[in-house]
1. Output the antiparallel fraction of DSSP beta bridges having both residues in segment 309-403, as a percent to the nearest 5.
2. Determine the shape class of segment 205-327: with a ≥ b ≥ c the square roots of the Cα gyration tensor eigenvalues, call it rounded for a/c under 1.5, and otherwise prolate if a/b is greater than b/c, oblate otherwise.
3. Starting at the first residue of segment 376-390, write each ³J(HN,Hα) from the Karplus equation 6.51 cos²θ - 1.76 cosθ + 1.60 with θ = phi - 60°, in whole Hz, x for Gly and Pro.
4. In the chain, if every C-alpha pair distance is counted and binned at 10 Å from zero, what percent goes to each bin?
5. Percent of alpha carbon pairs in segment 309-403 separated by more than 23 Å?
6. Probe of 1.4 angstrom, ligands and nucleic acids ignored: what's the accessible area per residue over the chain, in square angstrom?
7. What aspartates and glutamates sit close enough to K235 to cross-link, taking a C-alpha to C-alpha distance under 12 Å and skipping anything fewer than 8 places away on the same chain?
8. In whole percent, and with a 1.4 Å probe on the protein chains, what portion of the accessible area of the chain is carbon and sulfur?
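The values are calculated or read from the model by the stated rules, or taken from the named source; none is laboratory data. Since the model is a prediction, treat every value here as computed from it, not as a measurement. Note: ideal-geometry Cβ built from the backbone for every residue, glycine included; neighbour counts use all protein chains shown. Accessible surface areas use protein heavy atoms only, side chains included; no ligands, DNA or RNA. Shrake-Rupley method; radii C 1.70, N 1.55, O 1.52, S 1.80 Å.
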Amino acid sequence: MKTNGNDKLMEKIVSLCKRRGFVFPGSEIYGGLAGTYDWGHFGVALKNNLKQSWWKKFVDARQDIYGIDAAIIMNPKVWEASGHVAGFLDPTPDGKQFNVMFKTQVGAGEEAVVSYLRPETAQGMFVNFKNTVDAFHPKLPFGMAQIGKAFRNEIAPRDFLFRQREFEQMEIEYFIRSEDWEKYFEYWKGEMLSWMEDIGLDMGKVHELEVPDAERAHYSKRTIDFEFDFPFGRKELFGLAYRTDFDLNTHKLEYIDEEKGEKIAPHVIEPSMGVDRAILSLLISVYAEDEKSGEVRSYLKFKPNIAPVIACVSPLLKNKPELVEYANTKIFAPLKSEFGRVMWDDNGNIGKRYRRQDEIGTPFCIVIDFDTLSDDTVTVRDRDTADQERIKVADIKKYISGKIQ
Ligand code: ATP
């Protein structure tokens, strides 16, 4: 079997994403807008599944992490305090320093103030530190988590989803006592690696880069960039930083440590993951090609819990009402209401339907044929092996649930 690793991989992925309704160039009918992309039906589903798996693992499955969804436009004082107004700079090709925050005007006339679209989700968490402590009274260590859009006026957006001007981040700020930082740094490294493995990233392509002193952000005492072997080079997928007490100090925030009977500014460990880079790494990890009946097929080997469509239901022939009726009422409708991510496809011949579902990455195609009408079994075809097995209609829900774990 031939899998990725070929130099046309990016072109193939970009073209598949557009053809199959995952990701479209932003504002395309007006000539596009560099660094922006629009997500189609299957892309949204994929992105939601990925974000949900992160939220489930780091928020729902724990008791010590509090979710937040802060405003994208914040008081400009936040960005002055955080250092972004003075220092979030990239050099332009003629050597000038350019602040990559998008400026915007809030309000009209004399009342108007200049603010910025947030360039990271992190500050939305720090400025809600006090609110979170007051509302939930958490004991150290505890964390805050946020998934949301971030904007950077990148000088040279490129490489599809890798470097955009509008993208999404999933960040955790984990508040600890300073003496525990090394322990929790290691802990979060392990957690992030295990999440990446859970979603199906090719872990052989993930590498750690210890960021040297001179290149670290001013607030960080240790940063590891987790890099991924993209077809255009080994580049940052996400970062793990020990931010010390810089952020809480800068916003003049403190925490009453009841155990020690003192006011402290907790220190912070921050795993900062880009949703779009995670999606791109995943597409690269799962893209595969092989040959079926003399034809090259391409398919996406998504894990069932991440795949945009979990199962596709097809009557063998669309002009046989008895097959259509059975497929619709006994298979499609119950599966759709149970799993949501279920698709109906009766277009073209069965081979074409399989190719289409392979490209979307649907793990199971269920076909209702004439035998179904007499023995209440259906064919379930596995995306990766293309093997088919007969399953009792009564067992279908259980069969699929078993694969989503
Ligand atoms: P780079 O050095 O590649 O510009 P960065 O170190 O500035 O990235 P961070 O500020 O650490 O990135 O942001 C955290 C995460 O947000 C990154 O690891 C990445 O996954 C994501 N990210 C940052 N900038 C972009 C972008 N322009 N497009 C897509 N994702 C991004």
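1. 55 percent
2. Note, shape of segment 205-327 comes out oblate.
3. Result, rounded to whole Hz: 6, 10, 10, 8, 10, 9, 7, 4, 7, 9, 6, 6, 10, 9, 8.
4. Here the calculated profile for the chain is 4, 19, 27, 23, 15, 9, 3, 0.
5. Working: 547 of 4465 pairs.
Considering segment 309-403, 12 percent of its Cα-Cα pairs are separated by more than 23 Å.
6. 47 Å²
7. Filter leaves D159, E208, D225, E227.
8. Roughly 50 percent of what the probe reaches on the chain is carbon or sulfur.
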